[in-house]
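Below is one structure, written out as structure tokens; comments come after it.
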Amino acid sequence: MATVMTHEPSTDKPGIMDRLLVPGFWGTVSIVVMWLAVLFDGIFGADMIFNSSANVNGPTVIPSVVLVALFAVIGTSSIAKRVFRRGVD
């Protein structure tokens, strides 16, 4: 006498830890945090003031968000290349 057992599809949903351990999640979080830093520096940040004796028009004033955004672009591209690449190691 043969017994036939059917395999029912699993109804287990991935837990929170399974979703948090995905590298893409942490890559996204780090990129969002970098650009939030740019946003808050743009709103609340001070200016960089450069005085020079050769500058006859007065000091050069550059918003600090320019430098922070430059580093955010570099960090975003670095994280995106490492975390979101399509190839398998």
May I ask you to list pairs of residues, at least six apart or on different chains, whose Cβ atoms are under 8 Å apart, with the first in region 68-86 being among the hydroxyl-bearing types (Ser, Thr, Tyr) and the second being surrounded by 12 or more Cβ atoms within 10 Å (Cβ to Cβ) and in a helix (DSSP H, G or I)? THR76/ILE31; THR76/MET34; THR76/TRP35
When ARG85 is evaluated against the numbered criteria (1) part of a loop (DSSP other than H, G, I, E, B); (2) surrounded by 10 or more Cβ atoms within 10 Å (Cβ to Cβ), which criterion, by number, is the only one it fails? (2)
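Here's the yes/no breakdown for (1) aromatic (Phe, Trp, Tyr); (2) in contact with a Ser or Thr (Cβ under 8 Å, 6 or more places away or on another chain); (3) under 19 Å from VAL83 (Cβ atoms); (4) not in a loop (DSSP other than H, G, I, E, B):
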| position | (1), (2), (3), (4) |
| --- | --- |
| ASP18 | no, no, yes, yes |
| GLY27 | no, no, yes, yes |
| ILE31 | no, yes, yes, yes |
| LEU36 | no, no, yes, yes |
| ILE43 | no, no, no, yes |
| VAL56 | no, no, no, no |
| VAL61 | no, no, no, yes |
| LEU67 | no, no, no, yes |
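Read-outs: derived from the displayed coordinates by stated rules, not from any lab. What you see is a predicted model, and the numbers here were worked out from it, not measured in a lab. Glycine also receives a Cβ, built like all others from the backbone with ideal geometry; neighbour counts cover every protein chain displayed.
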